[in-house]
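The next block holds one structure in the form of structure tokens; read it before the comments.
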């Protein structure tokens, strides 16, 4: 079972007050429901492939309304041919539609009716219903964090985005071919969204994995930094050795003063040592302290002398 499925399984088991049940039910019906009118009156049909969400819808309807519910199933014709659960309400459908603020005197309500989300708890419930209807969230063990809710209507998408951002979730919206996507990318904000919709177990799982990933990534960055520093040290050491050998081959080491000869011999005998290690070896060898900056100063003089030799060679070659 995916992380998104586990999250939804937790959400459908929540017990909620009547006002929150109405907000959640309205979101579910608005996104996954169809309202139809015939000679027999109005009808609600709610469709989902998730049996647990179908049971949740029935539970909320029965909590709020004493009406007859017809439950049907059919096979999906394409893809995995999964069951589609259809919940049909014909009796008192018009009353339920009006009570859920899905229509008004002008027709279908655009966006989210303000009476549904007057209370903070109802705002949370509406987001929970929207997530159950068409939401998804990446497994926290994957390389990227992503949570989204997809809807068809622009007004509803805009209101859902604003509702998310009432909780400081930094939600964004993008248009797609078949509607709009409200999405959250930051791991902390996804965790906050799960907290908003009361997915307690999902938060704990998400945070555990996220912390482990962050620790692993931090350790990786430190290791990469250490490797980069080692490579930098080795590159500098190779350059110093090449320059010392150039001086020895051309003039002999005696052309350097005693202090430069000391560090030159030290480097030749310890080609992979860092400046910190060379400073310790220098003290053990000559019984004199030297700092890393002191070593750097002496090697810079050796490098400058070698560069003068190279420049002189290039000039002589040009004169030939």
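Mind checking the angle between helix 18-32 and the chain's longest principal axis? C-alpha axes, 0 to 90 degrees, to the nearest 10. So the helix axis and the longest Cα principal axis differ by about 80 degrees. Taken along the Cα-to-beta-carbon direction at a fixed 7 Å, the label points for residue 254 and residue 178 span 8.8 nm. Between residue 165 and residue 224, residue separation times 0.36 nm minus the direct Cα-Cα distance comes to 17.5 nm.
Against the main long axis of the alpha-carbon atoms of the chain, helix 292-319 sits at an angle near 70°. Add -39500 (n - 2.57) for each DSSP H run of 4 or more in the chain, then divide by its residues: what number comes out at 222 nm, to the nearest 500 deg cm²/dmol? That calculation yields -19500 deg cm²/dmol at 222 nm.
With the cut-off at 1.5 for a/c, could you classify the stretch 219-319 from its C-alpha gyration tensor as rounded, prolate or oblate? Because a/c hits 1.5 or more and a/b fails to exceed b/c, the stretch 219-319 counts as oblate.
For residue 2 and residue 232, compute 0.36 nm times the residue count separating them, minus their Cα-Cα distance, and round to one decimal in nm.
Values: separation 230, 0.36 × 230 = 82.80 nm, distance 4.42 nm.
Difference between extended and current length: 78.4 nm.
Translational diffusion coefficient of the stretch 96-180 at 10 °C, 1.306 mPa s, Stokes-Einstein with Kirkwood Rh over Cα pairs, in µm²/s as a whole number. Estimated diffusion coefficient is 113 µm²/s.
Applying 1/(1 + (r/R0)^6) with r as the Cβ-Cβ distance of residue 141 and residue 307 and R0 = 51 angstrom yields a FRET efficiency of 0.45. For the chain, the longest principal axis of the C-alpha atoms and the axis of helix 275-286 are separated by about 30°.
Only alpha carbons enter this Debye calculation for the stretch 3-198, each as an equal point scatterer, and the log10 of I(q)/I(0) it gives at q = 0.12 Å⁻¹ is -0.58. Working from label points 7 Å from Cα in the Cα-to-Cβ sense, the residue 95 to residue 115 distance is 1.6 nm. Modelled spin-label separation between residue 75 and residue 154, with each label point placed 7 Å from Cα along the Cα-to-Cβ direction: 4.1 nm.
Throughout, read-outs are computed from the coordinates displayed, never taken from laboratory work. Given the structure is predicted, the values throughout are model-derived calculations rather than measurements. Here Cβ is always computed from backbone atoms with ideal geometry, including for glycine, and neighbour counts include all displayed protein chains.
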